[in-house]
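What follows is a single structure, written as structure tokens, with notes after it.
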Amino acid sequence: MTDFQSLGLSDGLLSAVIDNGYDAPTPIQQKAIPLILDGRDLMGLAQTGTGKTAAFGLPLIDRLLEDAERAGPKGTRALILAPTRELVNQIAKNLISFLKHTPLRVASVVGGVSINGQIKRLSKGTDILVATPGRLLDLVDRKAVDLGTASYLVLDEADQMLDLGFIHALRRIAGLVADDRQTLLFSATMPKQINELARSYLRNPERVEVSPAGRTADKVTQSVHFMDQTEKGDFLLKKLKAEPDGLSLVFCRTKHGAERLMRKLSQAGIAAGSIHGNKSQNQRDKAIRDLREGAINVLVATDVAARGIDIPGVSHVYNFELPEVAEAYVHRIGRTARAGADGDAIALCAPEEIGLFRQIEKLIGVDIEVVSGEIPPMSAAAGRAKRGGGGGGRGGNNRGSGRPGGKKPFGKQASSGDNDNRSQAKRPRRRRQGGRRDAA
Ligand code: AMP
């Protein structure tokens, strides 16, 4: 088995690894660390939960330590960009845990909080700056930060940054960072746009890929319950009450839907919180802290708010509503079964969501086990399309809808069963990898 010692990290970093309780490097760490230490540009196809923060963070810190040069006022030696405030904070926290025995400094800047404190903090310069693109450009425009000295650029969750419309911000930022930098790009999926981004900003990159199957997905038992939308609230309540010791993330499609559901659960005596775009940064941070510390055991979330956050011990991920983009399902269920634990991913699918459900199965190449309810016919999805809901009836104008030649995050082939056949109710379903049956 490969160990951290053999990857070429310096002794100081090895003790940080031990302090963090990491026994052995994860697959992405095994592949990426030696290449980054070697100075190579890298394109990493990996989800959150695979240990990718340490995969780029440890060698980046090692390289910074090798070179005693300090950043000048307002300068930074390395820049890490991530799509959401939560992810930025999480990356910074992770890096700080690796830096304990070093003189290196980390600063993080995110939107939604006062900019003045950030300007002050950056005035002395830093070694590593972790930022969301929007706030970083605000700071650039205010001449509060000088990116010209950054010789390392990390783009984390690049696909999500593109989804959130950060492409122009990324282009502008990449133009401000030193030309002879080392660039590392991580993405959970590799759509065409990401390849284009990589071609523009990476020099002769090494490509490393880890199938999430070994670390995350294999440990997740996926199941689906078919029911009407109106039945979902009571169903969820019953499930949550049956698992009082579980730690659950519940995904909704809209901010209002998430808030409504959180209130319903709270009124029924479930200790629940919510994170979505209408919550302030402080409220979001508190909700995540509450879940981590056990003050609540259910967090209702929308995709953007929850993307990338690492909450150890999440036992259940409920897809209360299926995501509009099939790839978001992969991100959602990646919140459970972290660091080798088991997890349950339970989808609640209304008839009008059947098209979205089929897109998810096609993308992941797995027949999700049907535990209760009857599989609605594909024609049920038409109601959704007619109501302007998009999704089910749509013909492939989004990234998740069966892109020809598209990447399958689980590295498996799509089932050869055709969708129409599989939509017949009562057709016996293949159980996935002996996953346990999840009583309704
Ligand atoms: P990440 O994909 O970077 O969000 O990491 C997911 C979780 O795995 C975090 O809680 C990390 O602290 C943890 N982790 C990262 N590398 C290792 C490792 N080699 N051994 C055990 N846990 C790890």
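The values are calculated or read from the model by the stated rules, or taken from the named source; none is laboratory data. As the structure is a computational prediction, the values presented were derived from the model and not from experiment. Heads up, the Cβs are rebuilt from the backbone with ideal geometry, glycines too, and the neighbour counts pull from every protein chain shown.
Checking each residue in region 143-184 for being under 14 Å from the mean Cα position of the chain (by Cα) and not charged (D, E, K, R) picks out 155, 158, 160, 161, 162, 164.
Out of everything in region 312-326 that is in a loop (DSSP other than H, G, I, E, B) and at pLDDT below 90, what residue ends up being nearest to residue 219 (Cα to Cα)?
315
When residue 312 is tested against (1) buried (at least 16 other Cβ atoms within 10 Å of the Cβ); (2) within 16 Å of the ligand (Cβ to nearest atom), only condition (1) is not met.
Residues satisfying the criterion are present in region 190-208 (criterion: over 30 Å from residue 297 (Cα atoms), in a strand (DSSP E or B) and out of contact with any Asp or Glu (no Cβ under 9 Å at 6 or more places or on another chain)). Please enumerate the residues belonging to region 77-105 that are in contact (Cβ under 8 Å) with a residue 60 or more places away in the chain, within 10 Å of residue 130 (Cβ to Cβ) and touching a helix residue (DSSP H, G or I) at 6+ places or on another chain (Cβ under 7 Å). Correct list: 78, 79, 80, 81, 82, 91.
Taking the conditions (1) more than 16 Å from the ligand (Cβ to nearest atom); (2) under 22 Å from residue 91 (Cα atoms); (3) of a type outside the set (Gly, Ala, Ser) in turn, residue 323 satisfies each one other than (2).
On the given criteria, is residue 54 within 15 Å of the ligand (Cβ to nearest atom), surrounded by 24 or more Cβ atoms within 10 Å (Cβ to Cβ) and outside any loop (DSSP other than H, G, I, E, B)? Answer is yes for this residue. Filtered by the rule that a residue be hydrophobic (A, V, I, L, M, F, W, C) and either within 13 Å of the ligand (Cβ to nearest atom) or over 20 Å from residue 95 (Cβ atoms) (or both), region 34-51 gives 43, 45, 46.
Note on region 8-18: residues that are without any contact (Cβ under 8 Å) to a residue 40 or more places away in the chain and either within 14 Å of the ligand (Cβ to nearest atom) or closer than 18 Å to residue 96 by Cβ (or both) total 2.
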